[in-house]
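Where a number appears in this text, it was derived from the coordinates with a stated rule and is not lab data. Fair warning: this is a prediction, and the values are worked out from it, not measured in the lab. Virtual Cβ from ideal backbone geometry, glycine too; neighbours counted across all protein chains shown.
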Protein chains: 2
Amino acid sequence: MRCDVLAVGTELLLGQITDTNSQWMGEQFAAAGIDSLMQAKVGDNLGRIETLLRRMLADADAVIMCGGLGPTHDDLTREAIAAVMGVALEFDEAVADVIREMFAARGRRMAENNLRQAMVPVGATVIPQTRGTAPGLICPVAIDGIAKVVYAVPGVPHEMKDMVQRAVLPDLLARSGEAAVIRSRTLRTWGESESGLNERLDGVIARLDGVGNPTLAFLASGWEGIKVRLTAKAPTVPEADALLATWEADVRSVVDDIVFGVDDDTMESVVLQLLRERGLSLGLAESVTGGLVAGRITNVPGASEVFRGSVVSYASEVKFTVLGVPEGPVVSEAAAAAMAVGAQRVLGADVALSLTGVAGPAEQDGMPVGSLCVGLAVGSDVRTQTFRLPGLRDQMRQMSVITALDFLRRTLLAG
Amino acid sequence: MRCDVLAVGTELLLGQITDTNSQWMGEQFAAAGIDSLMQAKVGDNLGRIETLLRRMLADADAVIMCGGLGPTHDDLTREAIAAVMGVALEFDEAVADVIREMFAARGRRMAENNLRQAMVPVGATVIPQTRGTAPGLICPVAIDGIAKVVYAVPGVPHEMKDMVQRAVLPDLLARSGEAAVIRSRTLRTWGESESGLNERLDGVIARLDGVGNPTLAFLASGWEGIKVRLTAKAPTVPEADALLATWEADVRSVVDDIVFGVDDDTMESVVLQLLRERGLSLGLAESVTGGLVAGRITNVPGASEVFRGSVVSYASEVKFTVLGVPEGPVVSEAAAAAMAVGAQRVLGADVALSLTGVAGPAEQDGMPVGSLCVGLAVGSDVRTQTFRLPGLRDQMRQMSVITALDFLRRTLLAG
């Protein structure tokens, strides 16, 4: 099964926005075993949209169009599809009612042109809208006597994703004669390279290749670590989930030591949850990261239940006077320990984590660029560790955030 | 002149990386008055690359191919172009020498397959490589007797950008009979909506439309404000720069009150520069932003000359005990003032900026979501202001960062 992607919108060609939709769709299709061999962007021009759609349908079994479903005169996706199908557009009263009700529910006046969104090519099936006003479309077409299909979904990413998962992927899989449900499970890892992970998982990957379902993929996420994603196909959700559970256990039996979370977990959300479960409050003392750890922590809803605050001690004197660090080299485990104890006291926190290091461009206190000293005070217990991280400035600082949080996570789990 | 874009790489179709190259090129082409009406992604498959390239050349005057120039067997851009040109690839000794020297200079052994990058279609011109190993190509083709051109540039963004600016855009402009130099100037603004900016600049835009050169574009950058970009074409760099200088003065005469910087300036780099010029050190007290202001400030190289640190007082008690804020509502101008004075004292800073507010989801201290109180202590002078910002959580927090820094910037300029 091959489904190519056609993104519609002049703003895409002018570079005013990045087309992340087709990337996301490519990822979903690959996980579902559907080929996507050409993806294109075209502007809001009926002739060019129609021509390109015809060419793409000559090669692919299906084409998904993204964007151009809105209410204005330059939203032309419906017209182009009707032309390729060789049918008229007709007004769908049921769709129009949904649009009218949506405006009424929000207490807003509906401009008449919104009803353009209720025009449907004869023979097309509507994908009901749950988040916006424009419905999606499933449009059967015959190309040289071969049955193919055009999907149309809105360009707004969350509306697009909802419709692709809810309607387009199941329809594609049904047409390809495949099982109708795709589920995936992502294990978030930190502390191992992609090639290292690959090596450790060699045996599991060989067994997975043998059965062919689920599939396993590595997704590098830069300074967020590497994701291991399992994707299972099955006739029903419980069967797919059972497959995932079995293989997740298999993967974990090999790499559980570096798995810090699953799916939408982040290192900071996991750490906050561990602290919350233990009834512990958190304080920070940041030097090299200059507030980045606190910024990440406080972006998690509910952080205020656990997080006291941070002393960003960028200047050495602030380390000495506010945190009580003894005068001396400030990039050292001794300084990190004193920073953590100082932050614990100043902020009234049960647990305090500290970071001091060298982001570059030059070395400092005889420590090379990339050095990170982490301190951790838990009650009266204080421990420290030194790490060597790659990258300059921004990359080194971001790596420091997750490295230090992982150190805290491991300590809490071991304690 | 129409130049379409063909990005080559299976990893793009699988969604493993986002194609930001074609977005960037679309933006450059639009600024230069070159149409780009179709942009496509295709995988590392010779037949499909060649077919698609032929189809694109049927419609466009030029096609720029991005990626597939590397040393491995799945780098097929050179082969596809040679096939469309109807010529052979020949080994270019000069290019090979450059590649060999590059490895020698880095003290690395050169794998033999790197010399694949020295294969050049007969009749093509080489764009010398300055940052990597693969050179770019300018390849004339005749399609149905009409002279057209194919460009090939590497997929690595900084190599691609360098070659497009240095060789592709000048060549495209020369072919279109246009002046050969494009220069642009970006004014960074904060505090006005796009429609408001448009209205204020109505007269300038009308005069610009009259002369046609330079062009003016608004680029919305979300919580980084709106950029006003002037792009001038001229036969020489000094002439283009003179045009830009004249019209920049014209634009500034209308909106100078909201221009905080130019080109690569950021709000934080501008604020640090103003403090440095005045010999003033900076401290922060952050609540709602939880360390984001400090994180942004410390990402600017040289921040340590000016920046002392930040007290991230997320819990109210930390405001009371560390900063000496009187007990009471913590989202208020009184609390913001006390936070700033406290940070100035605790951190030993000449200037201290404080932020307290409500990021949501719920209101706090009777203040609605989106409320931001900023405090600023400069020497013994203390001032405060309250803002109402849009968005929830992350957006509100990011808007708070730039709003507070702009408040500091304006105070320093007025003082």
Flagged links, alpha-carbon separation over 31 Å, of B:Lys148/B:Lys227; A:Lys319/B:Lys227; A:Lys41/A:Lys148:
B:Lys148/B:Lys227; A:Lys319/B:Lys227
For B:Asn45 and B:Ser176 in the same chain, what is the full-extension length gain: residue separation times 0.36 nm, less their Cα-Cα distance, in nm?
44.0 nm
Rounded to the nearest 10 degrees, what's the angle between the helix A:333-347 long axis and the longest principal axis of chain A, both from Cα atoms, 0 to 90?
80
Can you give the charge dipole size of segment A:3-175 about its Cα centre, rounded to the nearest 20 debye, using +1 on the beta carbon of Lys and Arg and -1 on the beta carbon of Asp and Glu?
260
Between helix B:267-278 and chain B: long-axis angle, C-alpha atoms, 0 to 90°, nearest 10
60
Under unit Cβ charges (Lys, Arg +1; Asp, Glu -1), what dipole magnitude, rounded to 20 debye, does the protein assembly as shown have relative to its Cα centre?
860
Relative to the Cα centre, what is the charge dipole magnitude of segment A:181-262, using +1 at the beta carbon of each Lys and Arg, -1 at the beta carbon of each Asp and Glu, and rounding to the nearest 20 debye?
280
Given 0.36 nm per residue, what is the gain on full extension from B:Glu192 to B:Phe103 after removing their alpha carbon distance, in nm?
27.0 nm
Would you please name the chymotrypsin sites (Phe, Trp or Tyr not before Pro) within segment A:176-270 that are DSSP coil residues with at most 10 other C-beta atoms within 10 Å of their C-beta?
none
Nm distances between copies for A:Val262, ranked from closest, using label points 7 Å along Cα→Cβ
5.6
Distance between modelled label sites at B:Glu239 and B:Ser380, nm, 7 Å Cα→Cβ extension:
6.1
Nm distances between the label at B:Ala96 and the same-position labels in the remaining copies, 7 Å along Cα→Cβ, shortest first?
7.2
Shortest first and in nm to one decimal, what separations exist between A:Lys161 and its copies in the other chains, measuring from label points 7 Å along the Cα-to-beta-carbon line?
2.7
With angles folded into 0 to 90 degrees, how steeply does helix B:93-105 sit against the dominant principal axis of chain B? Use alpha carbons for both and round to 10.
40
Inter-chain shielding of B:317-325 (mean C-beta neighbours from other protein chains, 10 Å cut-off):
3
List the relative contact order of chain A as a percent without decimals, with contacts defined as Cα pairs under 8 Å and 6+ residues apart.
10
Relative to 2.2 N^0.38 Å, what does the C-alpha radius of gyration of the protein assembly as shown come to as a ratio? Two decimals please.
1.03
What distance in nm separates the simple spin-label points at A:His73 and A:Ala142, each placed 7 Å from Cα in the Cβ direction?
3.6
Give me the inter-chain shielding for B:29-38: mean count of other chain Cβ atoms within 10 Å, whole number please.
3
Within 10 Å of each Cβ in B:4-14, the average number of Cβ atoms from other chains
3
Could you derive backbone 3J(HN,Hα) for segment A:138-145 from the dihedral phi with the Karplus parameters 6.51, -1.76 and 1.60 (θ = phi - 60°), listing whole Hz in sequence and x where the residue is Gly or Pro?
10, 10, x, 9, 10, 10, 6, x
Just B:Ile49, B:Ile146, B:Ile226 to compare: in a GNM of chain B, with alpha carbon springs under 10 Å, which one fluctuates most?
B:Ile146
Within chain A, what's the longest stretch lacking trypsin sites (Lys or Arg not before Pro) that sit in DSSP loops with no more than 10 other Cβ atoms inside 10 Å?
A:110-415
Given labels modelled 7 Å from the Cα in the Cβ direction, how far is it in nm from B:Asp202 to B:Arg166?
4.6
Choice from A:Leu14, A:Leu282, A:Leu173 with maximal GNM fluctuation in chain A (Cα, 10 Å cutoff):
A:Leu14
